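**Student:** Here it is: the structure, laid out below.
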Amino acid sequence: MARTSSLQNVSPIKYVSRSGSSRLMIESVSAEEIVKRTGSPVFAYSAEALSQRVKRFQEAFAPLHPQICYAVKACGNVHILRHLGAAGCWMDVVSGGELERTFLAGIPTERVVFAGVGKQEHEIRAALHGRHSLVWDALDGASKKMCAQRGPVHAFNVESEQELDVIATEAARLKVVARCHLRVNPDVDAKTHKYITTGTNRNKFGVSIDQAGRIFRAWRGKKWIRLCGLHTHIGSMIESPRPYVRCVQEVMKAVGHIERQGTRIESLDLGGGFGIDYSSGQSVALEEHAKALIPLLRERAEAGTRIAFEPGRWIVAEAGVLLVRVLYTKRTGRAHFAVVDAGMNALVRPALYGAFHFIWPARVQAGQGPRSLNEPEHVRGCMPQSVVGPICESGDFLALERMLPRLKRNDVLAVFHTGAYGMSMSNTYNDQPKPSEVLIRGKQIITIRTRDQVIDLMRGDLAASALM
Ligand SMILES: Cc1ncc(COP(=O)(O)O)c(C=O)c1O
């Protein structure tokens, strides 16, 4: 089976050797230049890499005319959403907050699907009238003009019958028909980390395949609800096509059952979860997933069923790099540490899932450039060092005992494949401001999120004390 390979020579993120050293370039800008201009920590994304990923996804699933509903949770920066929207993506949101981000990005509401297991009434209302209700007052005039959205979202991906009741009540109040897809849980184990497995009957998501037929029967012909599609998502970081194949087989059984009862399934949304290659050989190539799924779905697609996917990680992970600065190096007992200016606050994946991210200095001597951006290295002159953050937890690490060139104070390190679930899962624990974000386009460094100031962390406290 073909594995993903790091196509370093064609990637917009790569090491380039010049006059005795090898430097990390993001498009035409060096990582060191980005830190010099913007400070650190900073998430840097390549616009070109984002566009390439969207195109590759579209091409892999082309026979299905796939609708890519990018999972905003992976990286929700408004400017990234705007870029992906322009590349042809629809958006998959799971909260009123993410919905507002798509409004701000100027994504037409009819290109947004609203998923999420705990939708609240005010979020459902915002999705039905497709208008800012949560952040409108805080917007300046120009933003208001740019994102004057109208009309309901394309569909709700509904997680329970009670939720259908609430959507129906709100839709009737607003006199808007709510298009709905029922999320079914096929009881398929995606064989991934237990925190990101979502498709077994022990998980909180969706309804069982057995319940789906009854729910479609009960909701047929309702005035304000149009239940006309199925949705599923079995997990994240899925490394084999097999669970997807089983999932689609189960979903197609439900489709047959529902259609025999007289409701046509117009939409099949098969979720996201496609894995990427964080370290060598973990994951099969997207094209392998496509090869396995296309034969199961081609006939439906040709008959006009909308086939949607919700990739998040696969689109953005490899397009982003977290750049950090070494504050101190030290040795305690037998262990060597590099303390950097961001840890589990900026990138929680290593602490939360034990996740691997390839790390390498932004500038190394010639001969120390890495062979790929996802393989543990065995380069001459390396020694085991742990890269740890400033947070007061022993779980605050980016890498443990990793072979790296000897690090020193003020070195810039690149933490690779951090475009997904990096910034979006970052937090301000220990009152550490969140990193800034930049989008690199050729030679341009475009700031797309300024660094939080310490005062930003205390605004809520100060506003409350003013009331006392
Ligand atoms: C419903 C749903 N769709 C899509 C995704 C995106 O998953 P991934 O980033 O692994 O593609 C998630 C992730 O949690 C999800 O819950």
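The values are calculated or read from the model by the stated rules, or taken from the named source; none is laboratory data. Just so we're clear, the structure is a prediction, and the values are computed from it rather than from any experiment. Don't worry about glycine lacking a Cβ; one is built from the backbone with ideal geometry, like all the others, and counts go over all protein chains shown.
**Student:** Which ones in the range 278-312 are away from the ligand (no atom under 14 Å from the Cβ) and of a type in the set (Asp, Glu)?
**Tutor:** Selection gives Glu287, Glu288, Glu299, Glu302.
**Student:** Look through the range 188-203, keep the residues that are part of a loop (DSSP other than H, G, I, E, B), within 11 Å of the ligand (Cβ to nearest atom) and under 24 Å from Gly229 (Cβ atoms), and return whichever of them is modelled with the lowest pLDDT.
**Tutor:** The qualifying residue modelled with the lowest pLDDT is Gly199.
**Student:** Moving on. How many residues are in contact with an Asp or Glu (Cβ under 8 Å, 6 or more places away or on another chain) and aliphatic (A, V, I, L, M) when one looks only at the range 338-357?
**Tutor:** 3
**Student:** Within the range 313-326, identify whether any single residue is surrounded by fewer than 22 Cβ atoms within 10 Å (Cβ to Cβ) and either closer than 22 Å to Pro433 by Cα or away from the ligand (no atom under 16 Å from the Cβ) (or both), and answer yes or no.
**Tutor:** Yes, the range 313-326 has at least one match.
**Student:** Report, by residue number, each residue of the range 214-234 that is buried (at least 16 other Cβ atoms within 10 Å of the Cβ) and in a helix (DSSP H, G or I). Please lay out each step first, then the result.
**Tutor:** From the range 214-234, those buried (at least 16 other Cβ atoms within 10 Å of the Cβ) are 215-216, 219, 222, 224-234; that's our starting set.
The answer is Ile215, Phe216.
**Student:** Output the residue which, of all residues in the range 204-222 that are more than 16 Å from the ligand (Cβ to nearest atom) and of a type in the set (A, V, I, L, M, F, W, C), is modelled with the lowest pLDDT.
**Tutor:** Looking only at the range 204-222, we keep the residues that are more than 16 Å from the ligand (Cβ to nearest atom), and these are 208-222.
Pick out the ones that are also of a type in the set (A, V, I, L, M, F, W, C) and you get 209, 212, 215-216, 218-219.
Working: Ile209: 87, Ala212: 93, Ile215: 96, Phe216: 96, Ala218: 96, Trp219: 96.
For the range 204-222, the residue satisfying everything is Ile209.
**Student:** Got a number for residues in the range 227-243 being out of contact with any strand residue (DSSP E or B) (no Cβ under 7 Å at 6 or more places or on another chain) and within 12 Å of the ligand (Cβ to nearest atom)?
**Tutor:** 4
**Student:** Could you please find all residues in the range 344-365 being of a type in the set (A, V, I, L, M, F, W, C), within 19 Å of Cys382 (Cβ to Cβ) and in contact with a helix residue (DSSP H, G or I) (Cβ under 8 Å, 6 or more places away or on another chain)?
**Tutor:** As a first pass, look at the range 344-365 and keep what is of a type in the set (A, V, I, L, M, F, W, C): 344, 346-348, 351-352, 355-356, 358-360, 362, 364.
Cutting the leftovers down to within 19 Å of Cys382 (Cβ to Cβ) gives us 356, 358-360, 362, 364.
Correct list: Phe356, Ala362.
**Student:** Continuing with this model, one more query. Would you list the strands (runs of 3 or more DSSP E) that sit entirely within the range 26-143 and hold 1 or more residues that are touching a strand residue (DSSP E or B) at 6+ places or on another chain (Cβ under 7 Å), within 16 Å of the ligand (Cβ to nearest atom) and free of Cβ contacts under 8 Å to residues at least 24 places away in the same chain?
**Tutor:** 90-93
**Student:** Here's another thing I want to ask about it. Where in the range 351-468 are the strands (runs of 3 or more DSSP E), entirely inside, with at least 2 residues that are within 28 Å of Cys75 (Cα to Cα) and of a type in the set (A, V, I, L, M, F, W, C)?
**Tutor:** Where strands (runs of 3 or more DSSP E) fall fully within the range 351-468 and carry at least 2 residues being within 28 Å of Cys75 (Cα to Cα) and of a type in the set (A, V, I, L, M, F, W, C), they are 359-361, 382-388, 397-405, 412-415, 436-441, 444-449.
**Student:** Could you go through the range 328-343 and let me know if any residue there is at pLDDT below 95, among the aliphatic types (A, V, I, L, M) and at negative phi.
**Tutor:** Looking for residues that are at pLDDT below 95, among the aliphatic types (A, V, I, L, M) and at negative phi, one finds at least one in the range 328-343, hence yes.
**Student:** Could you say whether any residue in the range 443-464 is within 16 Å of the ligand (Cβ to nearest atom), touching a residue at least 24 places away in the same chain (Cβ under 8 Å), in the same structural domain as Ala362 (by TED's automatic domain parsing) and under 22 Å from the mean Cα position of the chain (by Cα)?
**Tutor:** No: the range 443-464 contains no residue that is within 16 Å of the ligand (Cβ to nearest atom), touching a residue at least 24 places away in the same chain (Cβ under 8 Å), in the same structural domain as Ala362 (by TED's automatic domain parsing) and under 22 Å from the mean Cα position of the chain (by Cα).
**Student:** Any idea which residue in the range 258-277 is nearest to the ligand (Cβ to nearest atom), counting only those that are over 20 Å from Glu310 (Cα atoms) and buried (at least 17 other Cβ atoms within 10 Å of the Cβ)? If you could, list the steps in order and put the result at the bottom.
**Tutor:** Filtering the range 258-277 down to residues over 20 Å from Glu310 (Cα atoms) leaves 258-264.
Checking the rest, the ones that are also buried (at least 17 other Cβ atoms within 10 Å of the Cβ) come to 258, 263.
Numbers: Ile258: 20, Thr263: 22 Å.
The selected residue is Ile258.
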